[in-house]
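Only one structure is covered here, and it is reproduced in the block below.
The values are calculated or read from the model by the stated rules, or taken from the named source; none is laboratory data. It should be emphasised that the depicted structure is a prediction, and the values quoted were computed from it without experimental measurement. Using ideal geometry, Cβ is built from the backbone for each residue, glycine included, and neighbour counts are taken over all protein chains shown. Please note that ligands, DNA and RNA were not included when accessible areas were found on the heavy atoms of the full protein model with its side chains. Shrake-Rupley method; radii C 1.70, N 1.55, O 1.52, S 1.80 Å.
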Amino acid sequence: MSWKRWVLLIGGGLVAAALIGAGALAYLILRLDVRAEVERAVENGTGRDLTIAGDVGVSFWPVLGLRAEQATLANVEGGRAPAFVTAEEIDIGVELRPLLDRQVVVRRLVLQRPNIAFEVNAEGRPNWILRPRQPEGQTPTPTPPPTTTPSEPNVDVGRTRLREVRIVDGEASFFDARRGVGWVVGDVDLTTALNGLDEPMNVAGSIRYADRPVELTIDMRRPSAMLRGERMPLSIDVQSELLNMHFEGQTLAVSGELAGLVRASGPSLRQLAAWGGSPIQGGVGLEAFAVAGRLEISGGRYAFSNAGFALDLIRGRGDFVLSSLRNKPYLSGRLELFDFDLNPYLSGQAPPAAPVAQAEIAAAMPDAVQSAPDAQIAAVEAAPRALDVQAEASETPIDWAGLRIFNADLELVTHAVLFQHMRLDSTRLNLVLNDGYLAATLHNMTLYGGSGRGRFEIDARQPSARIVQDLAFTGLDAQRFLSDAINFAGIEGRAELSLNLVAQGLTQSELIASVDGRTHLEVVSGVLHGVDLGGVATTIRNALRGELIAPEARTPFQGFSGTFSIADGVLASDNLSFNTEDLRIPGIGVIDLPQRRLDVRLAPRSPRGGIVFPFSVRGPFNQFAYNSDINDRAQREILARVRATQAASRAAAAN
């Protein structure tokens, strides 16, 4: 059993050595003025006063060495916080041999429950730049610091070595006086090692921000640069419930700037914004997101360049800046958006959830998959039309909350976009969004085989929104366009349309009943479905025959046009023109949108002679009546309404 004896002897020797070392350490500390040694060393190395208000003694755990309680490192003069660093306890692992020469050589450092206050003052100067204190009467120079002696301890920053530095259960805060903003993180548990301030340093651990844990890894290539306010290469990895991020770039500590390449993603942009202290109010969606590109952070601005991004089912790329304006997110720049459905954000129907992995792929390769011209990109049921001739207008107040989520100033290029029941093939526009006021200038828009341009505004800063439209379209497929726009598929041909409208209201019905302005419609080489006007004009009695007024009835025409004055939702024209191969049909008419009623009087003329009859088409949208107007009764009634509407329209335009 001799081996047992050897084990006991060796074990006993180790215990005895540990006790002797601990005793020697305690004896040496009692003989040294350690408090003053440590305070002078830190003060000379950092240029800040260090105060140890509590006890200084031997530490056996978490490191063997010195323990200092209630330590405070002073803040810069005029700083917001009373101290830069405070710690309930600092445990310092020291080497025994230098203590025999009355020197303190630190190898491990553990800060228990520290509070670190980072600040940038109104002039942009941070409080974390530390400079060695110069001896009295000596002008600061770039020469190396003076040699350390037992009577005048100092810190050679370039040669500092710490095998382990730990922060346990700490708190860190930041405040930028230039913008009056800041943040606080708690439960700071970080570990690093310092092989020299000019050597790479890795910091790893966890923090808690706004009640959510965050895993953090930072690689600093040259820590001394940060202390001198110089650019420092670094990489940052963040892992949390709401944000995963990798950053590779550099920082300029003197102003808090970051510049480099970033990849970031998360399950909910809406939750991330709330977590960051800028909640997004109202609206739907804004969930899974990802972004990849170059990022510069400065003064509260996040500037992305050559960046791909994905949000919900939307993907795009561009150069843009995200900042804050009047306590709301503010987005500016140039964006290209690929095929997407706008209806979720118009109707309040949340778009289908997109996996974060899908968003990450879309951000990395935003244009990798292009949709075919007829591809189905609908995410939800189409939002109600602004005007639907087949349905009653809604009395439900319109929710414009989506226009108040953020502010923006953007130059946009879009591919296919679904808007209500309409599909816009491509657009190029400038858009400004300001606290519920939206203004868009359309430079070019392709849709339904034609194009469009113009401007529109939506002012939803009050519950009763005001809408202004000044738009012009040319070369449209009339049947497809009118079917999708107002749910009327009764006319074919190539159309030109201009709209100059103003409306205001709380609900769809109020908006329709308030429309003022003018519009012009012209359709060429088309077909009118549902009626044979030539047959009706030849003998009004034939209008009662099913084959003249029926879904299968049709009137081919060479051209149709009309200019309408609009007042209080009523459209009126005295220059209707409908030309077929055999007839020239001028007319007058009134379209009463609030009452959903049509009153038209047509007076056909035949260039080839023959008997034709003036007639009227009157009644609700779904029940027209055709009658002869040889006695001009309908002419008088309708014309009076036309003149009244024209006068009201002119008066509205003058105000």
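Some values worked out for this structure:
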{"item": "Accessible solvent surface per residue of region 553-625, calculated while the other protein chains remain in place, 1.4 angstrom probe, Å²", "result": "44 Å²"}
{"item": "Neighbour net charge for V291 - beta-carbon separation under 13 angstrom, K R +1, D E -1", "result": "+2"}
{"item": "Within region 284-348: Cβ-based charge dipole about Cα centre, in debye rounded to nearest 20 (Lys, Arg +1; Asp, Glu -1)", "result": "320 debye"}
{"item": "E395 paired with E296, simple spin-label distance in nm, labels 7 Å along Cα-to-beta-carbon", "result": "5.7 nm"}
{"item": "Net charge over other residues, Cβ less than 12 angstrom from the Cβ of Q420 (K, R count +1; D, E count -1)", "result": "-2"}
{"item": "Region 237-296: GluC sites (Glu not before Pro) in DSSP loop, at most 15 other beta carbons within 10 Å", "result": "E241"}
{"item": "Convex hull projection area averaged over all views, region 247-390, Cα basis, nm²", "result": "10.6 nm²"}
{"item": "Local electrostatic count at E230 - Lys and Arg +1, Asp and Glu -1, tallied over other residues with Cβ under 14 Å", "result": "+3"}
